[in-house]
Amino acid sequence: MYKYLSFFIFMFISASSFAANYTQIPCTLDSNSLITNTRGHGTGTDELCDFQANSVKLNVYKFALCTQEPIFNESNTATNLSSCTYIYDSASPTLVTVSNSSGLNISDVTQPAAGTYPYALVIMSNTLYVKGAAHFDGTRIAEQGSTSGAYCWTNGSVLSSDGDMTLDSGTGVTCGNSIGNDYNFNQVTWTWTSWPSPSIGGVPSEDVPNGRNTDYFLNDNLIGTGTKTRWASVHRFDSPVTISPTTTAIEMALNISLGTSLRFDNGTGEVKWIEDAPFAYIIRPVN
């Protein structure tokens, strides 16, 4: 038995640690790393491209390593999580800020049992906060707010999605020739009132660096009925994590290299807003 477990969250993983373009819809960059898009990927009236986030805030309740895949459902039967060993478990959430320049330690963590874990489970609030500024190769126009320029950034707007994102308050984005004083986190809430999501034909699942994420939107009891307040993210590692008796620490990292999305009006080329995009988990035992 080792004496302690230190738990570090490194807030940003460089492109050398993860392939940068891991989503299917990265923004296109020129030789100066400026975004060239005037519309997103796809053929709809408004589509997306993903770019570098500045910061993401998550309200985390639980973090666990699991020997079997947790599968949540819509019935009133709670999901069997007996294969999971918790590193962090709290009735009230801890606000975790993930950025490319700062780190944060989580206290009151628990030493995981020795074993091999193909899965990680993160339970967090279904509301998160994203901050990012897109630098374009020319002038872009914000669809609302009458602003324009080579930069467009988050400005404290509030959005929500039941499969289709809606701007609830604010202008979604501000654009200008330099980043303004209103640069702030946009709030995004995922509701998914139907189960599974009608817009994507099932529970959201996507490839990310070193694995695959499956996301469930659940009520307080972690069931897919009623009012959604929780986001359960199940990450399948390409290479399972092994905790040994000699493990003295765990490094947990989140990759936000493409953690924000630009939504364009594909008819006009105007920028509608900035929302969240996929991020990836990595767990490294320290022996």
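Where a number appears in this text, it was derived from the coordinates with a stated rule and is not lab data. Quantities reported herein were computed from a predicted structural model and do not represent experimental measurements. All Cβ positions, even for glycine, are placed from backbone atoms using ideal geometry, and neighbour counts span all protein chains on display.
Data overview
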{"quantity": "Integer Hz, Karplus 6.51/-1.76/1.60 couplings in order for the stretch 155-163, x for Gly and Pro", "calculated": "9, x, 6, 10, 10, 8, 9, 10, x"}
{"quantity": "Net +/- balance of residues flanking P278 in space, Cβ distance below 11 Å, scoring K and R +1, D and E -1", "calculated": "-4"}
{"quantity": "Full-stretch length increase - T36, T94 - with 0.36 nm per residue and alpha-carbon distance subtracted", "calculated": "17.2 nm"}
{"quantity": "Read-out Rg and Dmax of the Cα atoms in Å, derived from the coordinates shown; its label in (i) 19.3, 62; (ii) 36.1, 116; (iii) 22.7, 75", "calculated": "(i)"}
{"quantity": "Other-chain or far-sequence residues with amide H under 5 Å of N59's (modelled H)", "calculated": "V96, S125"}
{"quantity": "Within straight-line cross-link reach of K131, aspartates and glutamates at Cα separation under 15 Å, skipping those fewer than 8 residues along the same chain", "calculated": "D50, D182, E275, D276"}
{"quantity": "Distance in nm between pseudo-label sites at D108 and T268 (7 Å out along the Cβ direction from Cα)", "calculated": "4.8"}
